[in-house]
1. Subtract the Cα-Cα distance of Met1 and Gln145 from 0.36 nm times their separation in residues, and report this length gain in nm to one decimal.
2. Treat every Asp and Glu Cβ in the stretch 3-91 as -1 and every Lys and Arg Cβ as +1, leave all other atoms uncharged, and give the resulting dipole magnitude about the Cα centre to the nearest 20 debye.
3. I need the peptides 26-36, 2-12 ranked by packing, meaning the mean over residues of other C-beta atoms within 10 angstrom, with the highest value on top.
4. Using only alpha carbons, build the gyration tensor for the stretch 3-91 and give me the equivalent ellipsoid semi-axes, biggest first, whole Å.
Amino acid sequence: MDTNTLITQFQNGSVQAFEKLYEMYGQNILGVINVILKDEVRSQEICQDVFVKVWKNASQYNASKGRFFTWLLNIARNAAIDELRSKSHKQQQKNLSTDYFVDILETEEADTPSLDSIGLSKVLNGLKDKCREIISLLYFKGYTQKEVSETLDIPLGTVKTRNRNCIAQIRKNCDL
């Protein structure tokens with residue numbers, strides 16, 4: 001069965017046509033969403049939401065305006081971007097602790113360190129507590145400098161100065 005016939009059947013409410021379209025495009029759509037979100041579990045949830053939305057809005061697809069896959073892809077892309085911009089996603093990203101990253105580094109086998117992790121734990125552990133806290137909030141938890149200022153209850157200028165000094169310390173320690 002050709003794709004156009006399948007799409008017409010889908011628009012007429014055929015569950016079998018919908019299932020076939022999901023089989024055809026589901027993995028591609030999931031991949032696109034995951035590239036944007038970088039979170040496999042959340043990407044699967046968003047992918048399901050996209051296909052539910054497509055099912056409910058099947059009549060809105062117009063073949064004269066473009067290919068079905070392009071229409072589906074735009075819906076998926078927009079859903080993934082909406083998720084990235086959502087408060088819940090941002091909050092989830094902020095909940096990551098530097099301990100999480102250090103633990104990963106400490107459990108790696110010494111014979112096969114990854115390029116990304118070489119010396120990271122040493123650099124983080126070599127910083128003063130104030131620096132480790134600023135670096136953790138800004139670079140691992142995704143806070144803005146203003147959010148760090150509010151969280152630590154220190155002036156924004158102090159956050160900026162400490163950040164600059166901490167980065168300078170990291171560069172000095174790493175000979176960069």
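1. 46.2 nm
2. Its charge dipole is roughly 320 debye.
3. So the peptides 26-36, 2-12, ranked by packing, come out 26-36, 2-12.
4. 25, 12, 11
We did not get these values from a lab; they are worked out from the coordinates using the rules stated. Given the structure is predicted, the values throughout are model-derived calculations rather than measurements. In this analysis, Cβ positions are derived from the backbone assuming ideal geometry, glycine residues included, and neighbour counts consider all displayed protein chains.
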